[in-house]
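Q: Mind looking over this structure? Questions follow.
The values are calculated or read from the model by the stated rules, or taken from the named source; none is laboratory data. All of these numbers come straight from a predicted model, not from anything done at the bench. Ideal geometry is used to build each Cβ from the backbone, glycine not excepted, and the neighbour counts take in all protein chains shown.
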Amino acid sequence: MFFGCVIILNPRFYDRLWSHYWDFTDIKWLYGIVFIIIGIVFICYAWAKKAKDFEGKFLICTKCEETFEEKDAPSYQCPKCNAKLEDMEGFYERHPELHDGEKSLNN
């Protein structure tokens, strides 16, 4: 995207690496917009890939209450204490005694 903006704003430049003078004056809008679109596509792809990496659900240990991603513990056993792992969503509603114990520690 940056290179596309540079071509639009300054279509003539000298490349020291290749010892060549580049002039994009006649086609600056075409090249500039193409590079900007390619940059936007790469950014959207990176965001979509990052969002897809977080699609897995989170699990919590019933004994040590440590949280893990499902991909880190596919056997649904805690890697630290080998206890059963449960889905994080609704965990404290299913185990109110653990939630109340946490409140009493904070008071």
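Q: Please enumerate the residues belonging to the range 53-95 that are surrounded by 13 or more Cβ atoms within 10 Å (Cβ to Cβ), of a type in the set (Asp, Glu) and not in a loop (DSSP other than H, G, I, E, B).
A: Scanning the range 53-95 gives Glu69, Glu70, Glu86, Asp87.
Q: Something else about it: Go through the residues of the range 30-37 one by one and say whether even a single one is free of Cβ contacts under 8 Å to residues at least 12 places away in the same chain and either of a type in the set (Asp, Glu) or at positive phi (or both).
A: No.
Q: When you go through (1) surrounded by 14 or more Cβ atoms within 10 Å (Cβ to Cβ); (2) not in a helix (DSSP H, G or I) one by one for Gly39, which number turns out not to apply?
A: Going through the list (1) surrounded by 14 or more Cβ atoms within 10 Å (Cβ to Cβ); (2) not in a helix (DSSP H, G or I), Gly39 breaks only (2).
Q: Quick one: which of Cys44, Cys78 is of a type outside the set (Val, Ile, Thr), in the same structural domain as Leu98 (by TED's automatic domain parsing) and modelled with pLDDT of 85 or more?
A: Details: Cys44 fails: in the same structural domain as Leu98 (by TED's automatic domain parsing).
Sole residue among the options that is of a type outside the set (Val, Ile, Thr), in the same structural domain as Leu98 (by TED's automatic domain parsing) and modelled with pLDDT of 85 or more: Cys78.
Q: Do the conditions hold for Glu102, that is, is it outside any loop (DSSP other than H, G, I, E, B), surrounded by fewer than 13 Cβ atoms within 10 Å (Cβ to Cβ) and either modelled with pLDDT of 85 or more or not hydrophobic (A, V, I, L, M, F, W, C) (or both)?
A: Working: outside any loop (DSSP other than H, G, I, E, B): yes; surrounded by fewer than 13 Cβ atoms within 10 Å (Cβ to Cβ): yes; either modelled with pLDDT of 85 or more or not hydrophobic (A, V, I, L, M, F, W, C) (or both): yes.
When the stated conditions are applied, Glu102 passes them.
Q: Can you tell me which of (1) exposed (fewer than 12 other Cβ atoms within 10 Å of the Cβ); (2) of a type outside the set (Ser, Thr, Tyr); (3) in contact with a strand residue (DSSP E or B) (Cβ under 7 Å, 6 or more places away or on another chain) is the one Lys50 doesn't meet?
A: (3)
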